[in-house]
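Here is the structure we will look at.
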Amino acid sequence: MVGGSDLERALDLELPAIPDSCPRIRHAVRATLDGTDVDLAAVDLAVSEAVTNAVVHAYRDRDPTAPPGTLRVAVALEDTAAWVAVIDHGVGMRPRADSPGLGFGLALMAHTCDQLEIEQRADGTRVHMRFHFGG
């Protein structure tokens, strides 16, 4: 996973959890992986979904007058794959009757990447996605 000692950390970026951060993160990840043999369209789609989920859901209980929460994206490279992590410090994943989405985000991410790991922690959610080179 991202952060492991056997991986080369290629990107570590922290931005506010606001809609404007979504394209900035997507472009930063794409630039980091440019020149690798990874399916950039798949990465774009999965990263966009993970970041959007965090922006919409992670900080939903936050006071609207408070500063926005943060999102962190990290990319690490192995010999055969890239790991992308999207990390928030929000309330975690809970069912929502009032969800503005259709509920397909996690399935889309799982279908788009080669490996998906979601880590629920007391300090937020970490979504780890692995994308094999050549695929």
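Every read-out reported here was derived from the displayed coordinates using simple, explicitly stated rules and does not represent laboratory data. These numbers were taken from a predicted model, which means no experiment stands behind them. Here the Cβ positions follow ideal geometry from the backbone for every residue, glycine too, while neighbour counts run over all protein chains shown.
If Lys and Arg each add +1 and Asp and Glu each add -1, what is the summed charge of the other residues whose beta carbon sits under 15 Å from the beta carbon of residue 69? Before the final figure, lay out each step's value.
Values: positive: 60, 62, 72, 121, 126; negative: 14, 20, 61, 63, 88, 123.
Within the 15 Å Cβ shell, the charges total -1.
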Report task. Please report, largest first and rounded to whole Å, the three semi-axes of the ellipsoid equivalent to the chain, where each semi-axis is the square root of five times an eigenvalue of the C-alpha gyration tensor. Result -> 25, 15, 14
**Report entry** Charged-residue dipole, Cβ positions (Lys, Arg, Asp, Glu), the chain about Cα centre, Debye nearest 20
**Finding:** 460 debye
Requested in this report: List 79, 88 from most exposed to least, where exposure is judged by having the fewest other Cβ atoms within 10 Å.
Outcome: 79, 88
